[in-house]
1. Would you kindly identify the strands (runs of 3 or more DSSP E) lying entirely within the range A:1-110 that contain at least 2 residues that are out of contact with any helix residue (DSSP H, G or I) (no Cβ under 8 Å at 6 or more places or on another chain), surrounded by 18 or more Cβ atoms within 10 Å (Cβ to Cβ) and of a type in the set (Phe, Trp, Tyr)?
2. Can you spot a residue in the range A:69-88 that is within 28 Å of B:PHE32 (Cα to Cα), touching an Asp or Glu at 6+ places or on another chain (Cβ under 7 Å) and among the small types (Gly, Ala, Ser)?
3. Could you list, in sequence order, the residues of the range B:37-55 that are surrounded by 16 or more Cβ atoms within 10 Å (Cβ to Cβ) and either more than 11 Å from chain A (Cβ to nearest Cβ) or farther than 26 Å from A:VAL37 by Cβ (or both)?
4. Inside the range B:73-102, can you point out the residues that are more than 13 Å from every other protein chain (Cβ to nearest Cβ) and either of a type in the set (A, V, I, L, M) or free of Cβ contacts under 8 Å to residues at least 60 places away in the same chain (or both)?
5. Determine, yes or no, whether A:PRO31 is within 14 Å of another protein chain (Cβ to nearest Cβ), over 26 Å from B:PRO108 (Cα atoms) and in contact (Cβ under 8 Å) with a residue 60 or more places away in the chain.
6. Which count do you get for residues in the range B:103-114 that are at the interface with another protein chain (Cβ under 7 Å from one of its Cβ atoms) and touching a residue at least 24 places away in the same chain (Cβ under 8 Å)?
7. If you check B:PRO70, B:PRO25, which single one turns out to be more than 11 Å from every other protein chain (Cβ to nearest Cβ) and closer than 21 Å to A:LEU44 by Cβ?
8. Of the conditions (1) more than 9 Å from chain B (Cβ to nearest Cβ); (2) in contact with a Phe, Trp or Tyr (Cβ under 6 Å, 6 or more places away or on another chain); (3) under 26 Å from B:ARG98 (Cβ atoms), A:GLY57 fails just one. Which one is it?
Amino acid sequence: GNSVTQMEGPVTLSEEAFLTINCTYTATGYPSLFWYVQYPGEGLQLLLKATKADDKGSNKGFEATYRKETTSFHLEKGSVQVSDSAVYFCALPPKTGANNLFFGTGTRLTVIP
Amino acid sequence: EPEVTQTPSHQVTQMGQEVILRCVPISNHLYFYWYRQILGQKVEFLVSFYNNEISEKSEIFDDQFSVERPDGSNFTLKIRSTKLEDSAMYFCASSENRNSAEEQYFGPGTRLTVT
């Protein structure tokens, strides 16, 4: 089935630093790809998604581009804030036609002032 | 903004007991899910539910588990004869339709501790 491999954490950055969290996928075809975020004490929230190859998803200053050449969907942000401290999960459907999600291991980001 | 709610936020139970975790999905959503996250590990799919029946389930979702939509608003996960390894955060989610690109809305989770 489809799967994602996510960059190990934790990641600690200073405020205004550039963020990259790596995610690579293995899939049959080109399934939708997602980034979810989990803020402390809260559930998972969709951060952004891309539904086909070469799409770029963006939200709240975060971006990720669906790259079929490198089978990647890396999450980037140009200038992180303390409020971005959270756990970030890359995800995709585990097989064609499934509407449940297979999540990566999650990357904990801590942004310090 | 509509949201998925879950109760209780934390449940402590003794090994061998039965627990019921409750969820209220977003009102116009038709597809419901349970996931779990063992502490420090990744989020794992348990089961999806549509039209009053299970549509998909993972190998984790064995006979110990069951789901039900007892009325028009609640969606429950029952765990019979709990084991220590059932200790985890359990997340309920819902989505409006079955499109694999559809966003799933997650609740805040129920932390289950089995002692």
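1. Details: elements: A:3-6, A:11-14, A:19-21, A:23-26, A:33-38, A:44-50, A:56-59, A:62-65, A:75-77, A:86-92.
The strands (runs of 3 or more DSSP E) meeting that bar are A:33-38, A:86-92.
2. No, the conditions are met nowhere in the range A:69-88.
3. Within the range B:37-55, B:TYR50, B:SER55 qualify.
4. Initial filter on the range B:73-102 (more than 13 Å from every other protein chain (Cβ to nearest Cβ)): B:73-88.
Correct list: B:SER73, B:ASN74, B:PHE75, B:THR76, B:LEU77, B:ILE79, B:LEU84, B:GLU85, B:ASP86, B:SER87, B:ALA88.
5. When the stated conditions are applied, A:PRO31 passes them.
6. Just the residues of the range B:103-114 that are at the interface with another protein chain (Cβ under 7 Å from one of its Cβ atoms), to begin with: B:103-104, B:106-109.
Within this subset, residues satisfying the condition of being touching a residue at least 24 places away in the same chain (Cβ under 8 Å) are B:104, B:106-109.
Going through the range B:103-114 one residue at a time, the tally reaches 5.
7. Of the residues listed, the single one that is more than 11 Å from every other protein chain (Cβ to nearest Cβ) and closer than 21 Å to A:LEU44 by Cβ is B:PRO25.
8. It fails just one condition, (2).
The numbers here are math on the coordinates, done by the rules we state, and not lab data. Nothing here was measured: the structure is a model prediction, and the numbers come from that model. Every residue, glycine among them, receives a Cβ derived from its backbone with ideal geometry; neighbour counts consider all protein chains shown.
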